[in-house]
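For reference, the structure discussed in these notes is given below.
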Amino acid sequence: ACRTSRELVLMAVEKNPLSLQYASDAQRDDHEIVLAAVEKNPVCLRFAGRVCKANWDIVLRAIRRSPACFQYADDACKGDRDFVRRAFAQTPRCILYASSSYRGDCELVHEAVQSNPRCLEFASD
């Protein structure tokens, strides 16, 4: 019952965001709890539930602080060209974690390279 207590989980996450991994499934899909964890440690997106991993706001906040968090986003996000465009625009190094089809999308890569020329290194042929 403790892992399902919203107040207890929120308190734990605010003190140690990695405690999100021990929360119940329902708590790992709670927007406020996951956002509190991600704001303190973006890698906590890894422990979020599917609903939160598909939430653009949460995922983009995590990516802003750690581009590697792109890999933890739900496939629905990673497969959405508009989401990928926003992620690249915000944090061009996300290209490292994007699918090869997006790394080969000249328009998206062009936008990423404008912000960070090194992104060209990770573009597909």
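The values are calculated or read from the model by the stated rules, or taken from the named source; none is laboratory data. Quick caveat: nothing in here was measured; it's all calculated off a predicted structure. FYI the Cβ positions are ideal-geometry reconstructions off the backbone, even for glycines, and counts take in every protein chain you see. With ligands, DNA and RNA removed, areas are computed over all heavy atoms of the protein, side chains included. Shrake-Rupley method; radii C 1.70, N 1.55, O 1.52, S 1.80 Å.
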Practice task
State whether one or more residues within segment 20-28 are of a type in the set (Phe, Trp, Tyr) and over 24 Å from Arg93 (Cα atoms).
Solution key: yes
Problem - Complete set of residues in segment 47-60 that are out of contact with any Asp or Glu (no Cβ under 6 Å at 6 or more places or on another chain), of a type outside the set (A, V, I, L, M) and buried (at least 18 other Cβ atoms within 10 Å of the Cβ) - result: Phe47, Asn55
Problem - Close pairs from segment 12-30: first at negative phi, partner basic (Lys, Arg), Cβ under 6 Å, at least 6 apart - result: Pro17/Lys40; Ala23/Arg3; Ser24/Arg3
Practice task
Count, please, the residues in segment 45-59 that happen to be in contact with a Cys (Cβ under 9 Å, 6 or more places away or on another chain) and of a type outside the set (Lys, Arg).
Solution key: 6
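Starting from residues that are part of a loop (DSSP other than H, G, I, E, B) and not polar (S, T, N, Q), keep the ones in segment 22-46 and report whichever is most open to solvent (accessible area, probe 1.4 Å). I'd like the intermediate steps shown before the answer.
Residues of segment 22-46 that are part of a loop (DSSP other than H, G, I, E, B), as a first pass: 23-24, 29-30, 41.
Then drop every residue that is not not polar (S, T, N, Q), which leaves 23, 29-30.
Values: Ala23: 12, Asp29: 54, Asp30: 28 Å².
My answer is Asp29.
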